[in-house]
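Here's the structure, in structure tokens; my notes come after.
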Amino acid sequence: MPLLQINGLRKTFGGIKALDGVEFHIDEGEIVSVIGPNGAGKTSFFNVISGMFPPDGGEILFEGRDIGGWEPNQITTAGIARTFQNVRLFPNMSVLENIMVAQHCRTSQGMIPAIFRTKAFRQEEAEIEERAKEILGFFGTRLVGYRFDQPAFVLSYANRRRLEIARAMATQPRLLLLDEPVAGMNPRETVELTGLISRLRDELGFTVVVIEHDMKVVRDVSDRVVVLDHGVKIAEGAYEDVSQNEDVIEAYLGRPAEGKS
């Protein structure tokens, strides 16, 4: 059974079909990229899966349960975490606090122990802090040491991107949704983050869906590629096959004008 199975997913905004019967699946341990031209429905696809908007039709089956219409916090608790095309962090919290707060969907101590700072609460907080440092350590020297106490807003753009991925990791998901993770990166940073996406699967066991415009990244990380155009899936398969598909080329480059080659 696929980890995530999507059947006939539909979403309309003001009469515009953002998603029109999309079929999709990902097996545990896969990295699948979702590509398509601007306006293809890619971010709407993530928004519906992650509970930002309810679907208008179809099924979203995660581990066999239909999560369509669940609230975002319920979906996070179920085991799906995401990043955003535009980085969304707690800018005035420290790097470490951004990761610690993400883990609270997995904590067992409630409000009363927090108010009275019981021994059990303090122990759990210490464990959360240690886990946060381990997660940040996955990114090498970028987010550790003196960075722990820096507010997120002082980080470079690339490090804010890394921190957002770290925060998603901290929710202990089985499925990571990465929305244009290398957007705005320079070539060196892009290469580094491309390797990081592969490590998320190979070293930590995450299943990953990536929305990405950089075709070199898509080529290097993907087990399969799914192509959307105007809310419809027009192709699926290995990168080599999809990149030569005539429908995909037409979607990106446009249909030739009548009478011209």
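We did not get these values from a lab; they are worked out from the coordinates using the rules stated. Note that the coordinates shown come from a computational prediction; the quantities given were computed from them, not determined experimentally. No Cβ is skipped: glycine too gets one built from the backbone with ideal geometry, and neighbour counts run over all protein chains shown.
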Legend entry - Search result, residues across segment 7-19 that are in a strand (DSSP E or B) and farther than 29 Å from PHE206 by Cβ: THR12, PHE13, ILE16, LYS17
Inset, instruction - Only residues in segment 88-101 that are closer than 14 Å to TYR157 by Cα count as the first member; pair them with residues that are part of a loop (DSSP other than H, G, I, E, B) and not β-branched (Val, Ile, Thr), Cβ under 6 angstrom, at least 6 apart or cross-chain, and list the lot. - result: VAL95/LEU143; VAL95/GLN150
Inset, instruction - Give the residues of segment 207-222 that are assigned to a loop (DSSP other than H, G, I, E, B) and either in contact with a helix residue (DSSP H, G or I) (Cβ under 9 Å, 6 or more places away or on another chain) or of a type in the set (Lys, Arg) (or both), sorted by residue number. - result: GLU212, ASP214, SER222
Inset, instruction - Please go through segment 146-197 and pick out each residue that is of a type in the set (Asp, Glu) and on the phi > 0 side of the Ramachandran plot. - result: GLU180
Legend entry - Residue that is farthest from HIS213 (Cα to Cα), among those in segment 4-36 that are under 15 Å from the mean Cα position of the chain (by Cα) and among the hydrophobic types (A, V, I, L, M, F, W, C): LEU4
Inset, instruction - Evaluate segment 194-206: report whether one residue or more is closer than 16 Å to ILE31 by Cβ, touching a residue at least 12 places away in the same chain (Cβ under 8 Å), in contact with a helix residue (DSSP H, G or I) (Cβ under 7 Å, 6 or more places away or on another chain) and assigned to a loop (DSSP other than H, G, I, E, B). - result: yes
Inset, instruction - Please give the strands (runs of 3 or more DSSP E) falling wholly within segment 21-101 in which 1 or more residues are farther than 25 Å from ALA183 by Cβ. - result: 57-62
Inset, instruction - Identify, from the list THR141, THR171, THR207, the residue that is within 22 Å of MET93 (Cβ to Cβ), among the hydroxyl-bearing types (Ser, Thr, Tyr) and surrounded by 18 or more Cβ atoms within 10 Å (Cβ to Cβ). - result: THR171
Inset, instruction - Output the qualifying pairs, or none if there are none: Cβ atoms under 9 angstrom, residues six or more apart or on different chains, first residue in segment 235-246 and more than 14 Å from ARG219 (Cβ to Cβ), second residue basic (Lys, Arg) and not in a loop (DSSP other than H, G, I, E, B). - result: GLU236/ARG224
Inset, instruction - Check segment 239-259 and report whether any residue there is part of a strand (DSSP E or B) and crowded, with 18+ Cβ neighbours inside 10 Å. - result: no
Legend entry - Number of positions in segment 53-71 that are exposed (fewer than 15 other Cβ atoms within 10 Å of the Cβ) and either out of contact with any strand residue (DSSP E or B) (no Cβ under 9 Å at 6 or more places or on another chain) or among the aromatic types (Phe, Trp, Tyr) (or both): 2
